[in-house]
């Protein structure tokens with residue numbers, strides 16, 4: 001995969017940090033990162049062979065590790081994966097985050113694994129990268145209506161994923177139609193699959209003009225303006241939330257075909273994939289609301305979330 005970062009290198013730095021700086025055992029690192037102990041050993045060997053480890057970790061690579069530790073500590077996460085890239089180019093960040101998410105998920109796939117996937121541009125890209133990089137098909141379950149964002153793109157003929165999709169639009173024409181759809185037998189079958197999935201992957205939407213739900217015409221700018229006036233700072237699974245992560249009451253909610261926030265919060269291994277300064281308020285709200293177990297983001301966004309500025313940190317002067 002091409003991109004602005006090297007996933008193997010970032011994983012190697014994490015392994016080195018935990019082993020040499022935190023004094024974790026190889027077995028503990030294996031469990032923490034969700035990879036085999038053999039792979040931990042190989043990563044440590046490669047780090048020594050390539051000169052990444054001598055008597056210290058290269059200074060320029062400490063930043064994202066410190067950001068990860070700060071995110072985990074401040075927001076009570078199980079894990080965080082911070083890409084050592086800036087967030088000036090939104091499209092580039094989304095692409096890199098999608099690649100990182102695909103690789104992160106791939107390392108944690110088991111036999112007959114079901115993965116829940118949320119609605120949005122970055123999860124869609126991550127799904128396509130994942131499906132093109134694995135040999136054995138994985139079962140992917142949609143958490144929302146809106147079929148298009150779960151379908152394969154045209155970049156490759158390889159798509160090793162079996163899709164289990166909610167057969168409906170994201171937003172129905174009326175609350176009655178939405179309720180009827182939720183009770184449909186086909187939708188109930190998808191709900192049962194959602195409940196047995198090993199991993200859940202969600203994107204996070206901000207309140208900006210490039211928001212996916214706005215760009216695809218599902219909501220209008222006036223809808224967004226009303227939501228912002230009601231206190232919305234972003235959305236997760238198309239549920240709009242305030243700065244504390246609480247749902248914002250709105251007329252769209254009753255017409256939405258999407259997994260509820262209450263159900264999302266009960267799921268294990270929920271991975272949020274989002275970055276860019278324009279999403280900081282939304283990501284912070286999602287973290288504050290306790291909806292995530294893991295966050296995959298970029299370095300600039302990570303430091304904004306923990307209240308630090310990379311340019312002013314003493315260890316970089």
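The values are calculated or read from the model by the stated rules, or taken from the named source; none is laboratory data. Worth saying up front: this structure is predicted, and the values here are computed from it rather than measured. FYI the Cβ positions are ideal-geometry reconstructions off the backbone, even for glycines, and counts take in every protein chain you see.
The residue pairs whose first member lies in the stretch 104-117 and is over 19 Å from residue 35 (Cβ atoms), whose second member is part of a loop (DSSP other than H, G, I, E, B), and whose beta carbons are closer than 7 Å, counting only pairs six or more residues apart or on different chains, are 114/197; 114/198; 116/143; 116/197; 117/143.
Taking the stated definitions as given, is residue 251 at pLDDT below 95, within 23 Å of residue 63 (Cβ to Cβ) and surrounded by fewer than 19 Cβ atoms within 10 Å (Cβ to Cβ)? The answer is no for residue 251.
Under the condition of being over 16 Å from the mean Cα position of the chain (by Cα), modelled with pLDDT under 85 and in a helix (DSSP H, G or I), the residues counted in the stretch 134-150 number 1.
Take the conditions under 30 Å from residue 139 (Cβ atoms), surrounded by 15 or more Cβ atoms within 10 Å (Cβ to Cβ) and in contact with a helix residue (DSSP H, G or I) (Cβ under 6 Å, 6 or more places away or on another chain) and apply them to residue 213. Does it pass? No, not satisfied. Residue by residue through the stretch 227-244, note down the ones that are surrounded by fewer than 20 Cβ atoms within 10 Å (Cβ to Cβ) and touching a helix residue (DSSP H, G or I) at 6+ places or on another chain (Cβ under 9 Å). Scanning the stretch 227-244 gives 242, 243, 244. Only one of the numbered conditions (1) free of Cβ contacts under 8 Å to residues at least 24 places away in the same chain; (2) in a helix (DSSP H, G or I) is not met by residue 182, and that is (1).
Between 105, 115, the distinction of being in a strand (DSSP E or B), under 14 Å from the mean Cα position of the chain (by Cα) and assigned by TED's automatic domain parsing to the domain that holds residue 196 belongs to 115 only.
Please specify each residue of the stretch 217-226 satisfying the condition of being surrounded by 15 or more Cβ atoms within 10 Å (Cβ to Cβ) and either without any contact (Cβ under 8 Å) to a residue 12 or more places away in the chain or touching a strand residue (DSSP E or B) at 6+ places or on another chain (Cβ under 9 Å) (or both). Correct list: 218, 219. Return the residues of the stretch 28-43 that are at pLDDT 90 or above, surrounded by fewer than 20 Cβ atoms within 10 Å (Cβ to Cβ) and in a helix (DSSP H, G or I); say none if nothing qualifies. 28, 30, 31, 32, 39, listed by residue number. Of all positions in the stretch 123-131, none carries a residue that is part of a loop (DSSP other than H, G, I, E, B), touching a helix residue (DSSP H, G or I) at 6+ places or on another chain (Cβ under 9 Å) and in the same structural domain as residue 203 (by TED's automatic domain parsing).
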